[in-house]
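Single-structure report; data block below.
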Amino acid sequence: MLIFIIPQEKEVETLNSIYGIYYIGISDFLDRIRSKTTLIITLLMMYICYLFFPENNSSFYYTLTYSFEGYFYRGIYNSVWLGWVSTMAFISVVTLIGFYFVRNSIKREKELLIGEITASIGTKSWVFIFGKAFGNLLFLLTQMLVVVAITVLMQFARGESYYLQPIKLLTPFLILAVPACFITAVIAIIFEIIPFLRNSFGNVVYFFTWSGIIIYSIQNRTSTLADVFGMNTAAKIISEQLKHTFKEFANIDSFSLGTSGPLHGNIKTFMMNNVNIGLNILFQRLFWIFIGILLLFLASMFFKSNSLIRTKPSTIANKLTKEAKYIPCKKTVLTEIFENKTYMNNLSILKSNLKIIVVSPSLYWYAAIIFCSIGIFFADGDKLNKFLIPMIWILPVFIWSKLSTVQRTFNMEDYLLTYKNYRNAEPLNSAAAGILFTVFINIAVIIKFLMLHNFLGIFYILIGAFFVNTLGIFIGNIAGNSTAFEITYIILWYLGILNGLTNLDFLGLTPKAAICHIPVIFLAIGIFLTVASVVIKNIRLRSY
């Protein structure tokens, strides 16, 4: 006798919701991995994983550094050490860079003109939000698998241990990296739901939010729940292993990600075999996963499916349309056409680009620029070089990022390229307009340097204006969107301008960067980027 069990209506609805989340996530994931940005982040993950495991005589690397009295301490490159260090490397990158690669999942619904379809089929808000978060998670987990594969290869490439222990290598990834990917995927969705964070402003806000979370989790030693991404948990586990082996680390709890100078045999190693993972670590990760799920439910309450529709006719437009009447045009006599003459009014194009730039920022933005400019005349030392000048050089990031993408954003490029003047003048006119605007907002800095007789500093400011705008034009032509430049520039600004890393200080604000003439190197880079942008433009024009 056959017994058929008919599922209840609620069970069917639950299954349909699960299927909906699955298919929304899978479709978003499959669409995303076909884009060129996937190749970029994959290559980035591979390269960073390579840098985290330097050779004994390496001079260029970026890794977890434990140093004491000129010696560099690390574990033997076995599966356990590689797994934990690689997990830290992955978390530090995926929670920052990964966010920018997945934060446009809802926006893509509008860009691909499928938002109307999604809004019309009646998908529940929470199903849609969870589906998009699931798609983000799948993309980030794919990058994690890439890092795991490279980590295995690095173990055999370094040749210090050929005994592969898959479970011990994967354990830190499963416990720490997977929740970090989920939290990053959730935050990306939250930033797309909140109106004032879904645009370029959100990119800057997240960078400082991420920095604050990392700093707070490292400094807070009383609560394990403060470690949102789990990076400090991994660092503590590695630190405990060092303390058991080396007495000099008995009272040292700090660590850093970066470099500690060239390696020339000044390395002390130890064998890291067994790691004890307490239940408190598992509870900590489950806690943040639970918080992420709650945030997704909260976001779904404020999300409206009709927001996926790209354009909505305004009531004012409808009113004007109804009231419009036919007005006969007077006869117009056209002037005679002058043959064999070409008119190149680059000045008008330059003025138009400059006008677009000037009207883009809000009054609050200009108020912030004016406030910083006034403060420059009364500041000196770190207040000048570490606060006011960096502020002036981070505020226009939204302008620089759109120098070569505004035409594509509003679907105007195909139309504009039919004009010979535009074809011949771009992207040089956009770069020139950006440079003029950058110099204009740095007038106070230039006057201050004149008062200090710092003529070399003025020259470096002009170089910085040239470099940043050419960088914006180049990345915009390559990526076709503003996000890529914003990621690149924010990191460059944070390391070089705000923290004074000599090799990245393109304004020469630190004495060492000024003495080494680092901005001159960026001048050469800017010239190269200009030539490359023109070449890319000419290649693109051949397709029209």
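Computed from the coordinates by the stated procedures, all read-outs in this text should not be read as laboratory data. Owing to the predicted nature of the structure, the values given are computational and were not obtained by experimental measurement. Counting neighbours? That spans all protein chains shown, and the Cβs are built from the backbone with ideal geometry, glycine included.
Table for the structure above
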read-out	value
Amide H contacts under 5 Å for Phe270, placed H, 5+ residues apart	Arg74, Gly75, Ile76
Label-to-label distance, nm, for residues given as Asn538 and Lys351 (7 Å Cα→Cβ offset)	3.0
Other-chain or far-sequence residues with amide H under 5 Å of Tyr66's (modelled H)	Tyr73
Which of Ser373, Ser482, Ser217 has the fewest Cβ neighbours within 10 Å, and the rest in rising order	Ser373, Ser217, Ser482
In the stretch 346-541, lysine pairs with alpha-carbon atoms under 23 angstrom apart (chain gap of 8 or more, or interchain)	14
Nearest-0.05 FRET efficiency for Leu51 and Thr502, computed from C-beta distance (R0 25 Å)	0.85
For a label point 7 Å along the Cα-to-beta-carbon line of Ile443, residues of the stretch 348-364 with backbone N under 20 Å	351-364
Cα lying deepest toward the dipole's positive end in the stretch 115-215, options Pro172, Thr151, Thr184, charges on Cβ	Pro172
Lys, Arg +1 and Asp, Glu -1 on Cβ, resulting dipole of the stretch 346-541 about Cα centre, debye, nearest 20	300
Distance (nanometres) between label positions extended 7 Å along Cα→Cβ at Phe208 and Phe302	1.9
Packing-based order for 491-497, 42-48, using average beta carbon neighbours within 10 Å, highest first	491-497, 42-48
In Hz, Karplus ³J(HN,Hα) per residue of the stretch 471-486 (6.51, -1.76, 1.60; θ = phi - 60°; x = Gly, Pro)	5, x, 5, 5, 5, x, 5, 6, 8, x, 9, 8, 5, 4, 5, 4
Sorted by Cβ density within 10 Å, fewest first, the residues Val94, Val228, Val534	Val534, Val228, Val94
